[in-house]
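The values are calculated or read from the model by the stated rules, or taken from the named source; none is laboratory data. Nothing here was measured: the structure is a model prediction, and the numbers come from that model. Here the Cβ positions follow ideal geometry from the backbone for every residue, glycine too, while neighbour counts run over all protein chains shown. Keep in mind that these areas ignore ligands, DNA and RNA; they rest on the heavy atoms of the full protein, side chains included. Shrake-Rupley method; radii C 1.70, N 1.55, O 1.52, S 1.80 Å.
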Amino acid sequence: MTSLFEYAPAPESRSIVDVAPSYGLFVDGEFVDGSGTPLKTVNPATEEVLSEVATATDADVDRAVRAARRAFTRVWGPMRPADRGKYLFRIARLLQERAREFAVLESLDNGKPIRESRDVDVPLAAAHFFYHAGWADKLDWAGLGPGPRPLGVAGQVIPWNFPLLMLAWKVAPALATGNTVVLKPAETTPLTALLFAEVCRQADLPPGVVNIVTGAGDTGRAVVEHEDVDKVAFTGSTEVGRSIARAVAGTRKKLTLELGGKAANIVFDDAPIDQAVEGVVQGIFSNQGHVCCAGSRLLVQESVHDEVIASLQRRIGTLRLGDPLDKNTDIGAINSAEQLARIRELSDVGEAEGASRWQPACELPERGYWFPPTVFTDVSPAHRIARDEVFGPVLSVLTFRTPDEAVAKANNTTYGLSAGIWTEKGSRILAIADRLRAGVVWANTFNQFDPTSPFGGYKQSGYGREGGRHGLAAYLEGAR
Amino acid sequence: MTHVLDPDAPAAAIPPRREPLAPYRDVTRSDAAFRAFLHGLPGVDQVGAESRVAVLGTRSIKTTAKAWALDAAISMVDLTTLEGSDTPGKVRSLAAKARRPDPGDPSCPQVAAVCVYGDLAGVARDALQGTGIHVAAVATAFPSGRASRAVKLADVRDAVANGADEIDMVIDRGAFLAGRYLDVYDEIVAVKDACGDAHLKVILETGELVTLDNVRRASWLAMLAGGDFIKTSTGKVSPAATLPVCLVMLEAVRDFRAATGRQVGVKPAGGIRTTKDAIKHLVLVNEVAGPGWLSPDWFRFGASSLLNDLLLQRQKLRTGHYSGPDHVSVD
Amino acid sequence: MSTDRLAVRKTYKLYVNGAFPRSESGRTYAVTDAKGAFLANAAWASRKDARDAVVAARAAAGKWSGATAYNRGQVLYRVAEVMEGRHAQFCEEVAAGEGLSSSRARAAVDAAIDRWVWYAGWTDKLGAVLGAANPVAGPYFDFSVPEPTGVVAVLAPQRSSLLGLVSVLAPVLAGGNTAVVVTSRTRPLPAVTLGEVLATSDVPAGVVNLLTGDAEEIGPWLAEHDDVDAIDLTGAPAGCAMELERLAAGSIKRVVRPPAEEPDWSADPGLTRLTPFLETKTVWHPMGL
């Protein structure tokens, strides 16, 4: 039914953002040219080229690492911890002050709805700096052993799904613990990291403390494999995670990995159904499903399967797909043509393997990369769409009859990042949460994040935690 | 017209309990069955409900959408006065405003109803003759509902006889909170009978029910008993209408229609004072119950000061500049 | 009466799933004392023995990790008690294998027993020390708890055949993991005796599996095994560690790298050997009426 109440377009103004025609690398406090062939970064909603961004070669990365080492040895390492904290507080404030600018730029470069970049990504990024700022001069009380010391230079490689937020998750704890940073943003979403570089200058952060090298996989490899890097932190695919773990084998480098997932969202028959459906929608369709902890497998108790699916479909029918800058958009663009191809391929496999595909009537814009919210029912645990990470707005629905079966199916994956439980029964929540092999368990909620709350995976979803007291350990020498 | 209550009158034979619609015919068979049914409804997670309305609250309603929403909201207002100091003059003035909310703009829609105490329903009826604007009267010992059933039913009959074609009753919250669900049900059924042709709005007084689980149960109870509308509040208890409460009630009417085929309206009342609040409610209606509820037949705002804010916003949209309180009429 | 009684020699076997099987390969190798004199033939574990040990460790993982921390603490303390009863035997084996004076061997055995006691006391404190209630900015209760990683492969130290072994094994168990241990190749006898201690204490079958033999041969199979969650390379033979770490990367295993040289095991271990085999699980729940 078309509504009488058609929301008129409500686009956030782009004018707040000044995208330069080209960007260099941020090394030693300066923007410098890269030696590699520059990359074009496009707006995935329109395929318009936003800017040309430098590619850092091995030599460029080496300069960045040397700058980071110098800054570590001469400035950041010896600095009074309280002052390090103050720099982070400054950065947090600047992120808040320039929040709208960051949000618009993030939505332009990534394709995510402005509602999410504005209400989730940017405020959380600022919160991460604010939280870690406070740790800088309190590390002795972190319970991580006596006299914790920084590791040195951290090489960090981040993904394209939450560009600024992942930067914050990496940079804030590294700096708070006294390390310096060489960070490589994803090749399709470098712009907010470069704007962050500007914030570092605005905050008068000493040169070399944060260095940002843009580029593709080769640049990332150069960062990870650089001899003078003491710590490698990576968020991205399990496949790349493996190769990084191989690359740092036999070195002194400390490694943390935050990789893929195939989270089960378990809905019991006594669940608060409307909130569960909402959580399922949130869990798989927010950020177009480009979320490592997305609830991509719905495990629903057989007795409420039909009711939940009907309710889910009705709810999906109200999602608004389109212009990421429109304040009423719920589902934005797929980040790249490459990712869109992968989502299409896996969805086709799902159908070919015998699962039933459902998509709402949904008009896709003519230009740009788009994929409608998709639900597969009749999925068996043997299907690829029940096992492989799609990293898109594609939900696979499986059923269970008993709590034991739910747990067995939920754990039947090589991943172990997150899981969801929906039931009104408290003791069941605790029992199931206890048995799920996943680093984050959301009960009667989903996709909640907070800087105070450790996040990270079991099994092949990676190791190490980000956030909370636990996240500090990844950046400290001898931390237990 | 006066009603004389005769305490010595023989009790009327108790008619067999009216059954709810299929597929729920047997749920009122016994106290135990009814309790099992109401407590078997899916629970509501408060935090989840609040975050859902928070997200819907970010919908940005601009230009044409806003123009539509303003007119829709005005047409859904039950323009209300429920004060001890109400007089026929006050009610006539309200009725005049109901007919022509913006005297300077004949394109402005009229409101849905004027809502008054039962003794003034006749004044409202006379003042609204021929306008199509409904006369709503609160009854059943509004707002507390603390009177005998005979008094409550007399109150209803009196209001209807005075000319009300909509009755806003209050449920017995004491009985509800004590778990005497069938008592509450029977009373609504009896009031519905007493209404005759008048539409029945059932006020749950959600501020006294406190939990959203209770709001869902009370909504179902009222719908099963035959209420034409479920209404949040009397306006005399705080909190009155809140978005999470409205969300749960909209889910209830949506689910009830899906199960029984019968559509029930929703009326948040009390505390909705700004256009922004009203539009948030309309977004909720649109995205939760669906566009089928986006009309005065199925959604109302119980309000008084809201109307002036809607009018000011409407003027701004029409003229392109801001206005002030002296450019709309005082009630 | 003749004093030349013919000794009854012990047959040294593996300890897998609570039983003492021979290597499925049928292989054995000669174990000598520090001076090169023959001590015994030990079972030479094969990749299939390692495979069986992983199956046993996985099967035991649910029950062991699900036991209460108090219960696990008591079980580990019981190991110390039973070891105490075999004190003399351990001293003899450590002295012979490591070429230590009897007083230094005794010190090593004492320390090994005390290490079980130390870790026995940790089981029900880890949650308090490593867990947290996280003050998130919203209406949620959010808590983090340490949980066992799962099945841990341990390449035990090559030199310190008992104290070193206990120092790497006990923390794995204290955290609630199950273990597949490759013992010191040349000094396996204290490990064999420890297996007998474990079998007669309250440690459930499969929780500890001890493979005597060559870490260089079995290590890669364990490092590459998809159902092993973590690997401790402390006793990895020289030159093997990097390759083992690379193999472990295939299944994103948690890896404890070997120290440059074998440490002094008598030092206070702190939490450094516990945390690598613990995962932090964070649970969120809304708070509403």
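Only a single item in (1) crowded, with 24+ Cβ neighbours inside 10 Å; (2) farther than 30 Å from C:VAL256 by Cβ; (3) among the basic types (Lys, Arg) is not met by A:ARG465, and it is number (2). Residues that are assigned to a helix (DSSP H, G or I) and closer than 19 Å to C:VAL203 by Cβ do occur in the stretch C:88-95.
Could you pull out the residue among A:ALA294, A:ALA310, A:ALA276, A:ALA233 that is free of Cβ contacts under 8 Å to residues at least 24 places away in the same chain and of a type in the set (A, V, I, L, M, F, W, C)? Before you say what the answer is, go through the steps one by one.
Details: A:ALA294 fails: free of Cβ contacts under 8 Å to residues at least 24 places away in the same chain; A:ALA276 fails: free of Cβ contacts under 8 Å to residues at least 24 places away in the same chain; A:ALA233 fails: free of Cβ contacts under 8 Å to residues at least 24 places away in the same chain.
Exactly one residue qualifies, and that residue is A:ALA310.
Residues of the stretch B:230-250 that are out of contact with any Pro (no Cβ under 9 Å at 6 or more places or on another chain) and open to solvent by 10 Å² or more (accessible area, probe 1.4 Å): B:SER238, B:PRO239, B:PRO244.
Please state which one of A:ALA64, A:ALA82, A:ALA103 is among the aliphatic types (A, V, I, L, M), in a helix (DSSP H, G or I) and either surrounded by fewer than 18 Cβ atoms within 10 Å (Cβ to Cβ) or outside the structural domain of A:VAL229 (by the TED database) (or both).
Numbers: A:ALA64 fails: either surrounded by fewer than 18 Cβ atoms within 10 Å (Cβ to Cβ) or outside the structural domain of A:VAL229 (by the TED database) (or both); A:ALA103 fails: either surrounded by fewer than 18 Cβ atoms within 10 Å (Cβ to Cβ) or outside the structural domain of A:VAL229 (by the TED database) (or both).
None of the other options fit; the residue is A:ALA82.
Let's see how each residue does on (1) modelled with pLDDT of 95 or more; (2) aromatic (Phe, Trp, Tyr):
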residue	(1), (2)
C:LEU39	no, no
C:ALA56	yes, no
C:ALA61	yes, no
C:TRP64	yes, yes
C:TYR77	yes, yes
C:HIS87	yes, no
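Of the strands (runs of 3 or more DSSP E) lying entirely inside the stretch A:304-401, the ones with 1 or more residues being more than 15 Å from A:HIS290 (Cα to Cα) and open to solvent by 30 Å² or more (accessible area, probe 1.4 Å) are found at A:356-358, A:394-400. Go through the residues of the stretch A:266-280 one by one and say whether even a single one is closer than 28 Å to A:ALA333 by Cβ and aromatic (Phe, Trp, Tyr). So far as the stretch A:266-280 goes, no, none of its residues is closer than 28 Å to A:ALA333 by Cβ and aromatic (Phe, Trp, Tyr). What do you reckon, is B:ALA136 open to solvent by less than 10 Å² (accessible area, probe 1.4 Å), of a type in the set (A, V, I, L, M, F, W, C), assigned to a loop (DSSP other than H, G, I, E, B) and under 20 Å from B:ASP228 (Cα atoms)? Considered against the rule, which asks whether it is open to solvent by less than 10 Å² (accessible area, probe 1.4 Å), of a type in the set (A, V, I, L, M, F, W, C), assigned to a loop (DSSP other than H, G, I, E, B) and under 20 Å from B:ASP228 (Cα atoms), B:ALA136 comes out as no.
Does A:GLU116 fit the bill of being assigned by the TED database to the domain that holds A:MET166 and under 15 Å from A:ASN161 (Cα atoms)?
Numbers: assigned by the TED database to the domain that holds A:MET166: yes; under 15 Å from A:ASN161 (Cα atoms): yes.
Yes: the conditions hold for A:GLU116.
Selection within the stretch C:13-43: residues that are assigned to a loop (DSSP other than H, G, I, E, B) and within 17 Å of C:LEU194 (Cα to Cα). The member of this set that is least open to solvent (accessible area, probe 1.4 Å) is C:LEU14.
Just the residues that are more than 20 Å from C:GLY127 (Cβ to Cβ) and either open to solvent by 20 Å² or more (accessible area, probe 1.4 Å) or assigned to a loop (DSSP other than H, G, I, E, B) (or both), please, taken from the stretch A:428-456.
At the first step, the residues of the stretch A:428-456 found to be more than 20 Å from C:GLY127 (Cβ to Cβ) are A:428, A:442, A:444-451.
Answer for the stretch A:428-456, where residues must be more than 20 Å from C:GLY127 (Cβ to Cβ) and either open to solvent by 20 Å² or more (accessible area, probe 1.4 Å) or assigned to a loop (DSSP other than H, G, I, E, B) (or both): A:ARG428, A:ASN444, A:THR445, A:PHE446, A:ASN447, A:GLN448, A:PHE449, A:ASP450, A:PRO451.
Yes/no per residue for (1) over 30 Å from B:SER51 (Cα atoms); (2) assigned to a helix (DSSP H, G or I):
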{"residue": "B:THR131", "(1), (2)": "yes, no"}
{"residue": "B:ALA141", "(1), (2)": "yes, no"}
{"residue": "B:VAL151", "(1), (2)": "yes, yes"}
{"residue": "B:ASP155", "(1), (2)": "yes, yes"}
{"residue": "B:GLU208", "(1), (2)": "no, yes"}
{"residue": "B:GLY235", "(1), (2)": "no, no"}
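Looking only at residues in the stretch B:35-49 that are more than 14 Å from chain C (Cβ to nearest Cβ) and out of contact with any Leu (no Cβ under 9 Å at 6 or more places or on another chain), the one that is surrounded by the most Cβ atoms within 10 Å (Cβ to Cβ) is B:PRO42. Just checking, does the stretch A:410-422 include any residue being in a loop (DSSP other than H, G, I, E, B), within 23 Å of A:GLY260 (Cβ to Cβ), touching a residue at least 40 places away in the same chain (Cβ under 8 Å) and open to solvent by 40 Å² or more (accessible area, probe 1.4 Å)? Scanning the stretch A:410-422, I find at least one residue that is in a loop (DSSP other than H, G, I, E, B), within 23 Å of A:GLY260 (Cβ to Cβ), touching a residue at least 40 places away in the same chain (Cβ under 8 Å) and open to solvent by 40 Å² or more (accessible area, probe 1.4 Å), so the answer is yes.
When C:ARG72, C:ARG5, C:ARG86 are checked against the criterion of being in contact (Cβ under 8 Å) with a residue 24 or more places away in the chain and open to solvent by 50 Å² or more (accessible area, probe 1.4 Å), C:ARG86 stands alone in meeting it.
For the stretch A:38-52, the criterion of being in contact with a helix residue (DSSP H, G or I) (Cβ under 6 Å, 6 or more places away or on another chain) and within 20 Å of A:LYS231 (Cβ to Cβ) is satisfied by no residue at all.
For every residue, the table says whether it meets (1) within 23 Å of A:SER117 (Cβ to Cβ); (2) touching a helix residue (DSSP H, G or I) at 6+ places or on another chain (Cβ under 7 Å); (3) surrounded by 24 or more Cβ atoms within 10 Å (Cβ to Cβ); (4) modelled with pLDDT of 95 or more.
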residue	(1), (2), (3), (4)
A:THR180	no, yes, yes, yes
A:ALA193	yes, yes, yes, yes
A:LEU205	no, yes, no, yes
A:ALA222	no, yes, yes, yes
A:LYS231	no, yes, yes, yes
A:THR235	yes, yes, yes, yes
A:ALA271	no, no, yes, yes
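Residues that are within 7 Å of another protein chain (Cβ to nearest Cβ) and of a type outside the set (Gly, Ala, Ser): does the stretch A:398-414 have at least one? No.
Tallying residues that are under 20 Å from the mean Cα position of the chain (by Cα), aliphatic (A, V, I, L, M) and away from chain A (no Cβ under 14 Å) within the stretch B:50-106 yields 8.
So if I check each of B:ILE188, B:ILE203, B:ILE167, which one is touching a Cys at 6+ places or on another chain (Cβ under 6 Å) and open to solvent by less than 10 Å² (accessible area, probe 1.4 Å)?
Working: B:ILE188 fails: touching a Cys at 6+ places or on another chain (Cβ under 6 Å); B:ILE203 fails: touching a Cys at 6+ places or on another chain (Cβ under 6 Å).
After applying the criteria, what remains is B:ILE167.
Scanning for something within 11 Å of chain A (Cβ to nearest Cβ) and open to solvent by less than 10 Å² (accessible area, probe 1.4 Å), does the stretch C:153-161 turn up at least one residue? No, that holds for no residue.
Consider the stretch A:425-460 and keep the residues that are more than 8 Å from chain C (Cβ to nearest Cβ) and within 18 Å of the chain's Cα centre (by Cα). The one that is nearest to A:THR402 (Cα to Cα) is A:PHE446. Considered as a group, the residues in the stretch C:122-166 that are among the polar types (S, T, N, Q) and touching a helix residue (DSSP H, G or I) at 6+ places or on another chain (Cβ under 6 Å) include one that is nearest to A:PHE130 (Cα to Cα), and that residue is C:ASN134.
B:ALA95: farther than 21 Å from B:VAL266 by Cα, of a type in the set (Gly, Ala, Ser) and touching a residue at least 40 places away in the same chain (Cβ under 8 Å), yes or no? In short, no.
Here's a check for you: in the stretch A:468-477, which residue that is at the interface with chain C (Cβ under 8 Å from one of its Cβ atoms), touching a strand residue (DSSP E or B) at 6+ places or on another chain (Cβ under 7 Å) and open to solvent by 10 Å² or more (accessible area, probe 1.4 Å) is nearest to C:THR149 (Cα to Cα)? By that ranking, first place goes to A:HIS470.
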